[in-house]
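Colleague: Once you've had a glance at the structure underneath, I'll fire off some questions.
The values are calculated or read from the model by the stated rules, or taken from the named source; none is laboratory data. These numbers were taken from a predicted model, which means no experiment stands behind them. Note: ideal-geometry Cβ built from the backbone for every residue, glycine included; neighbour counts use all protein chains shown. Side chains are part of the model used for accessible areas, which takes the heavy atoms of the whole protein and leaves out ligands, DNA and RNA. Shrake-Rupley method; radii C 1.70, N 1.55, O 1.52, S 1.80 Å.
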Amino acid sequence: MAGPGRLCGVLYSFLFEYDTPRIVTIKSRKVGLMNRLVQLAILAYVIGWVFVWEKGYQETDSVVSSVTAKVKGITMTNTSELGPRIWDVADYVIPPQAENSVFIMTNMIITLNQTQRRCPELPDKNTICQSDKDCRKGYVGTHSNGVQTGKCIVYNNSKPLIKTCEIFAWCPVEHDENIPRPAFLQDAANFTLLVKNNIWYPKFNFTKRNILPTINQTYLKSCFYNAKTDPFCPIFRLREMVEAAAQDFQEMAVEGGVMGLQINWNCNLDRAASHCVPKYSFRRIDNKDSAHTVAPGYNFRFAKYYQTAGAESRTLIKAYGIRFDIMVFGKAGKFDIIPTMINIGSGLALLGVATVLCDVIVLYFMKKRYYYREKKYKYVEDYELCFHCQGSAASSSPDGPEQSEES
């Protein structure tokens, strides 16, 4: 029956006992020094980290941003397919406007004068045939350029002779195995990108733009961003952005890629608004790894349609290029009494950790821990119960109550 008795004792202690802290002064150099060191560490954390570094006395807000971008640059090419040709913004920026990004075509595979008709499919293990029996009418594979007609025909007078399944498609079909090297528009390295960024911190009703008040029209026409000499110019050369991300522009221009232009607005609004300025940084987002060369870069297809002799024709372009994603980050802070008082209260509460730590060491790890426990804890019986017991003992004394009091 020890189990139920012990349970009753625990329940009795829980219901009818009360613990109150007791202040005990321990004169020990080790414990006193440890207590002061822990308190000093807590004060250093609260003052140095919470208030100075993290600015715990400020209310904060996240940035709301809008971005527009404009590319400038002209280059000329001269090829056997196209002849001499000028390329401007309308040719290589696709689409003309996008949200927080801009794509600049640097390389391409062009297929001219496509019309919808019958022609041989590109040769591969699924399209090479010996007779019509090897081709299925109406079949469309995952990588097909059109719908098979069921006929097996000679592929473009090839030598040695190769036969492939005939398809109904935009003919001639695109042959995209040989990417031009160097890049078709290698002069895109000198193109420029103007970034216009407006930010707003709604909690503080604070607005600003990256074209700072000190920048005038004359300066804007001649400046180029440089992290050391001109860190606030919003015009960037494409080559310098790619190189700032430790990449080679001409190599990246061949197969394309994705670049990130990061604008950081960390503002202390307790200071003058002129101190709130953008900081630019660059990195390659698609992270081309030399060990993983499957499907590298960035490309897509688009077509330009026109009419010839009453029939619809098109020029198909597989465009390789660099997409610049413009990402805006930022946090603003301003003094507010509420976070200040909360962090002060938290700091004062943390000071109690020093007392708890010292109590644990004194009561459980020091050699004289049993002695300190006796001084730390004192057990007091119920006053009313003790007074009643003493009164009963006095009345039962043979000499009577008065004699008991005198004794």
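Colleague: Is one or more of the residues making up the stretch 119-130 exposed (fewer than 13 other Cβ atoms within 10 Å of the Cβ), modelled with pLDDT under 90 and not acidic (Asp, Glu)?
Modeller: Yes; the residues of the stretch 119-130 include at least one that is exposed (fewer than 13 other Cβ atoms within 10 Å of the Cβ), modelled with pLDDT under 90 and not acidic (Asp, Glu).
Results for (1) at pLDDT 95 or above; (2) within 30 Å of residue 121 (Cβ to Cβ), shown as yes or no for each residue.
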| residue | (1), (2) |
| --- | --- |
| 160 | no, yes |
| 177 | no, yes |
| 183 | no, yes |
| 208 | yes, no |
| 217 | no, no |
| 228 | no, no |
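Colleague: So for the stretch 346-364 (the condition being farther than 30 Å from residue 203 by Cβ, of a type outside the set (S, T, N, Q) and in contact with a Phe, Trp or Tyr (Cβ under 7 Å, 6 or more places away or on another chain)), does at least one residue qualify? Walk me through it before giving the result.
Modeller: First pass over the stretch 346-364, keeping only residues farther than 30 Å from residue 203 by Cβ: 351-364.
Right, trim to of a type outside the set (S, T, N, Q) and you get 351-354, 356-364.
Within this subset, residues satisfying the condition of being in contact with a Phe, Trp or Tyr (Cβ under 7 Å, 6 or more places away or on another chain) are 362-363.
Yes, there is a match, as at least one residue in the stretch 346-364 is farther than 30 Å from residue 203 by Cβ, of a type outside the set (S, T, N, Q) and in contact with a Phe, Trp or Tyr (Cβ under 7 Å, 6 or more places away or on another chain).
Colleague: Continuing with the same structure: Quick one: would you say residue 48 is open to solvent by less than 60 Å² (accessible area, probe 1.4 Å) and either among the hydrophobic types (A, V, I, L, M, F, W, C) or assigned to a helix (DSSP H, G or I) (or both)?
Modeller: On the way: open to solvent by less than 60 Å² (accessible area, probe 1.4 Å): yes; either among the hydrophobic types (A, V, I, L, M, F, W, C) or assigned to a helix (DSSP H, G or I) (or both): yes.
Judged against the criteria, residue 48 is a match.
Colleague: May I ask you to list pairs of residues, at least six apart or on different chains, whose Cβ atoms are under 6 Å apart, with the first in the stretch 266-279 being touching a residue at least 24 places away in the same chain (Cβ under 8 Å) and open to solvent by less than 80 Å² (accessible area, probe 1.4 Å) and the second being of a type in the set (Phe, Trp, Tyr) and not in a helix (DSSP H, G or I)?
Modeller: 269/204; 270/335; 278/265
Colleague: Additional query: Being β-branched (Val, Ile, Thr), closer than 23 Å to residue 313 by Cβ and not in a strand (DSSP E or B) is the filter here; which residues of the stretch 112-159 pass it? So that I can check it myself, show each step before the final result.
Modeller: First, the residues of the stretch 112-159 that are β-branched (Val, Ile, Thr): 115, 127-128, 140, 142, 147, 149, 153-154.
Now drop any that are not closer than 23 Å to residue 313 by Cβ, which leaves 115, 140, 147, 149, 153.
Listed by number, the list holds a single entry, 140.
Colleague: Hey, among the residues in the stretch 160-175 that are part of a loop (DSSP other than H, G, I, E, B) and in contact (Cβ under 8 Å) with a residue 60 or more places away in the chain, which one's most open to solvent (accessible area, probe 1.4 Å)?
Modeller: Our first condition is that a residue be part of a loop (DSSP other than H, G, I, E, B); within the stretch 160-175, this holds for 160-162, 172-175.
Applying the additional criterion that residues be in contact (Cβ under 8 Å) with a residue 60 or more places away in the chain yields 172-175.
Working: 172: 59, 173: 23, 174: 13, 175: 90 Å².
Looking at the filtered set, the residue picked out is 175.
Colleague: Can I ask one more? May I ask you to list pairs of residues, at least six apart or on different chains, whose Cβ atoms are under 9 Å apart, with the first in the stretch 87-99 being within 25 Å of residue 260 (Cβ to Cβ) and open to solvent by 40 Å² or more (accessible area, probe 1.4 Å) and the second being in a strand (DSSP E or B) and of a type outside the set (Gly, Ala, Ser)?
Modeller: Partner pairs satisfying both residue conditions: 89/70; 89/71; 89/72; 95/103; 97/68; 98/323; 99/67.
Colleague: Quick check: is even one residue across the stretch 54-65 within 18 Å of residue 316 (Cα to Cα) and either open to solvent by 30 Å² or more (accessible area, probe 1.4 Å) or under 42 Å from the mean Cα position of the chain (by Cα) (or both)?
Modeller: Residues of the stretch 54-65 that are within 18 Å of residue 316 (Cα to Cα), as a first pass: none.
No - not one qualifying residue is present in the stretch 54-65.
Colleague: Among (1) under 22 Å from residue 107 (Cα atoms); (2) open to solvent by 40 Å² or more (accessible area, probe 1.4 Å); (3) without any contact (Cβ under 8 Å) to a residue 60 or more places away in the chain, where does residue 186 come up short?
Modeller: Checking residue 186 against (1) under 22 Å from residue 107 (Cα atoms); (2) open to solvent by 40 Å² or more (accessible area, probe 1.4 Å); (3) without any contact (Cβ under 8 Å) to a residue 60 or more places away in the chain, the one that fails is (3).
Okay, residues lined up against (1) assigned to a helix (DSSP H, G or I); (2) farther than 30 Å from residue 59 by Cα; (3) at pLDDT below 95:
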position: 220; (1), (2), (3): yes, yes, yes
position: 241; (1), (2), (3): yes, yes, no
position: 271; (1), (2), (3): no, no, yes
position: 274; (1), (2), (3): yes, no, yes
position: 281; (1), (2), (3): no, no, no
position: 294; (1), (2), (3): no, yes, yes
position: 297; (1), (2), (3): no, yes, yes
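Colleague: Let me ask something else. Which ones in the stretch 30-45 are open to solvent by 50 Å² or more (accessible area, probe 1.4 Å) and at pLDDT below 85?
Modeller: 30
Colleague: Select from the stretch 81-101 the residues that are part of a strand (DSSP E or B) and touching a Leu at 6+ places or on another chain (Cβ under 9 Å) and list them in ascending order.
Modeller: Step one: filter the stretch 81-101 for residues part of a strand (DSSP E or B), giving 83-87, 93, 101.
Of everything in the stretch 81-101, just one residue is part of a strand (DSSP E or B) and touching a Leu at 6+ places or on another chain (Cβ under 9 Å), namely 87.
Colleague: Where residues in the stretch 204-250 are small (Gly, Ala, Ser) and over 22 Å from residue 74 (Cα atoms), which of them is least open to solvent (accessible area, probe 1.4 Å)?
Modeller: Looking only at the stretch 204-250, we keep the residues that are small (Gly, Ala, Ser), and these are 222, 227, 244-246.
Add one more test, that the residue is over 22 Å from residue 74 (Cα atoms), and what stays is 227, 244-246.
Numbers: 227: 72, 244: 62, 245: 17, 246: 84 Å².
Across the stretch 204-250, the extreme among qualifying residues is 245.
Colleague: Kindly indicate which of 68, 79 is farther than 30 Å from residue 372 by Cβ, open to solvent by less than 50 Å² (accessible area, probe 1.4 Å) and not charged (D, E, K, R).
Modeller: Details: 68 fails: open to solvent by less than 50 Å² (accessible area, probe 1.4 Å).
That would be 79, the only listed residue that is farther than 30 Å from residue 372 by Cβ, open to solvent by less than 50 Å² (accessible area, probe 1.4 Å) and not charged (D, E, K, R).
Colleague: Could you tell me which numbered condition residue 91 fails, if it satisfies all but one of (1) at positive phi; (2) of a type outside the set (Lys, Arg); (3) touching a strand residue (DSSP E or B) at 6+ places or on another chain (Cβ under 8 Å)?
Modeller: Only one criterion in (1) at positive phi; (2) of a type outside the set (Lys, Arg); (3) touching a strand residue (DSSP E or B) at 6+ places or on another chain (Cβ under 8 Å) is unmet by residue 91, namely (1).
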